[in-house]
1. For Glu30 and Ser73 in one chain, what is 0.36 nm times their gap in residues minus the Cα-Cα distance, to one decimal in nm?
2. Whole Å is fine, so just give me how far the alpha carbon centre of segment 45-66 lies from that of segment 86-114.
3. As an exercise, find the ratio Rg/Rh for segment 55-105 from alpha-carbon atoms, using the Kirkwood inverse-distance average for Rh.
4. Pull out the extension gain between Ile94 and Asp21, defined as 0.36 nm times the separation in residues minus the alpha carbon to alpha carbon distance; nm, one decimal.
5. How large are Rg and Dmax for segment 30-115 when calculated on the C-alpha trace, in angstrom?
Amino acid sequence: GLGPGDASPDEGVVEDLPLIDEKAVEQLTEGLISHYLPDLQRSKSALQELTQNQVVLLETLEQEISKFKECNSILEINALFSEAKHYHNKLVNIRNEMMMIHEKTSKLKVSGINI
């Protein structure tokens, strides 16, 4: 059979609990909320401000990145212009050489030497 030490560990616990006072629970809850709520509201507004600042920062960064891209494009365009100038100078030199060769051959033809 069951001895006195074999009783359920939960037995008698329910009777030991005092009656719960609904009003006390409500007051404790209100006290707890009023204690933590201001800090939580401050944290919420601080987080909102931080988020807004991050949005502004991201927009600013995007603008700066686009400026750098524009600068890079300008540098590439400048490089193309200097390359075009270089090749233009080469063409001018080739044209001058061709004109000199043409003059020399014309003089030789006038002199009676057939080329």
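Derivation of every value follows stated rules applied to the coordinates shown; laboratory data play no part. Nothing here was measured: the structure is a model prediction, and the numbers come from that model.
1. Details: separation 43, 0.36 × 43 = 15.48 nm, distance 6.30 nm.
Length gained, Glu30 through Ser73: 9.2 nm.
2. Between the Cα centres of segment 45-66 and segment 86-114 lies a distance of 66 Å.
3. Details: Rg = 22.0 Å, Rh = 14.3 Å.
Answer for segment 55-105: 1.54.
4. Details: separation 73, 0.36 × 73 = 26.28 nm, distance 10.65 nm.
Separation in residues times 0.36 nm, less the Cα-Cα distance, equals 15.6 nm.
5. When restricted to the Cα atoms of segment 30-115, Rg and Dmax are 36.6, 121 Å.
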